[in-house]
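Notes follow once the structure below has been shown.
The values are calculated or read from the model by the stated rules, or taken from the named source; none is laboratory data. All values derive from a computational prediction rather than experimental measurement. Counting neighbours? That spans all protein chains shown, and the Cβs are built from the backbone with ideal geometry, glycine included.
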Amino acid sequence: MRRRTHASAVRRHGVAVIGWFDGGAGASGDMFLGALVGAGVPLEVLSSAIDRMDLGITLRTESVQRASLGATRVHVEVPDTTVIRLLPDVVSLFASLDPSVNAVATSVFRRLAVAEAAVHQTTIDQVHFHEVGALDSIADVVGAAAGLCHLNLDWVGCSTLSLGSGSARGAHGPLPVPAPAVLALVVDGVPVQAGPASFESTTPTGAALMVEAVTQWGVMPPMTVSAVGMGAGSRDSDEVANVLRLVVGEATGVLPRGG
């Protein structure tokens, strides 16, 4: 994944290849994977990266509907485990990955550790990854990193991100929505809203992936569209089409500057 953040980002023939996320229904790890696969990233690209860690994780896809819209649901199937990992433990799992995938995955988990440390008033190396460090979240992050590197986008944008409302249950009991870690991840210039859904629309893993990937937040820039991916969330809600859309194409105008 290219992380160019200036208006003149180009590749061959002077054309920037870009992606734009529609975050109106929020973002989670599995929604992110579904959007990538729906936009044309082969599932094998994601699975091969995950297989390198030798954790017994498998991925499978399912075509589903969300509010009557067709979408791609990626299921992460993991073995039973009771392991609780610290950040160094998680990062050590990434040593077998390609360097570019390793760099993205490591950055995402560092973001998660910083957010969780702020919420729990501890240090990043003492954060216990009860949830975000579970095998399915590790798979989400590594698969997403591999998919982003495969697309090799020059610029990535995203709309205002819906976080949800209400409450959810975490490892230690009920949590308010938006989750404290999600708010900690979006404090630096990310445009957010509660959105239409009265449940957790954006998870900590989803927020960390979006903050890592996005060059600039805002409306879709001028572009010619070559692919659209619709990543399905687990719920089929009456309140919102629960999908994360990824639009991929070529820029046709000046790109907004990144922060």
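So in region 98-138, with the set limited to residues that are assigned to a loop (DSSP other than H, G, I, E, B) and more than 16 Å from R85 (Cβ to Cβ), which one is modelled with the lowest pLDDT? Within region 98-138, the match that is modelled with the lowest pLDDT is Q121. Within region 49-95, the residues that satisfy the criterion of being closer than 21 Å to M31 by Cβ, hydroxyl-bearing (S, T, Y) and either modelled with pLDDT of 95 or more or part of a strand (DSSP E or B) (or both) are T58, T61, S63, T72. S165 passes every criterion in (1) of a type in the set (G, A, S); (2) buried (at least 21 other Cβ atoms within 10 Å of the Cβ); (3) on the phi < 0 side of the Ramachandran plot apart from (2). If I filter region 45-79 down to residues being surrounded by 14 or more Cβ atoms within 10 Å (Cβ to Cβ), small (G, A, S) and closer than 25 Å to D238 by Cβ, which single residue comes out as nearest to the chain's Cα centre (by Cα)? Going through the qualifying residues, I end up with A71. Within region 56-74, residues that are free of Cβ contacts under 8 Å to residues at least 24 places away in the same chain and under 12 Å from G34 (Cβ atoms) sit with their Cβ atoms under 7 Å from residues that are in a strand (DSSP E or B) and acidic (D, E), at 6+ positions apart or across chains, in these pairs: R60/E77. Within region 173-192, being more than 19 Å from F32 (Cα to Cα), outside any loop (DSSP other than H, G, I, E, B) and touching a strand residue (DSSP E or B) at 6+ places or on another chain (Cβ under 8 Å) holds for P174, L175, P176, V177.
Just one residue in the set V219, V225, V247 is within 18 Å of the chain's Cα centre (by Cα) and either assigned to a loop (DSSP other than H, G, I, E, B) or modelled with pLDDT of 95 or more (or both); that residue is V247. When each of A197, A168 is tested for being touching a residue at least 12 places away in the same chain (Cβ under 8 Å), outside any loop (DSSP other than H, G, I, E, B) and in contact with a strand residue (DSSP E or B) (Cβ under 9 Å, 6 or more places away or on another chain), the lone residue that passes is A168.
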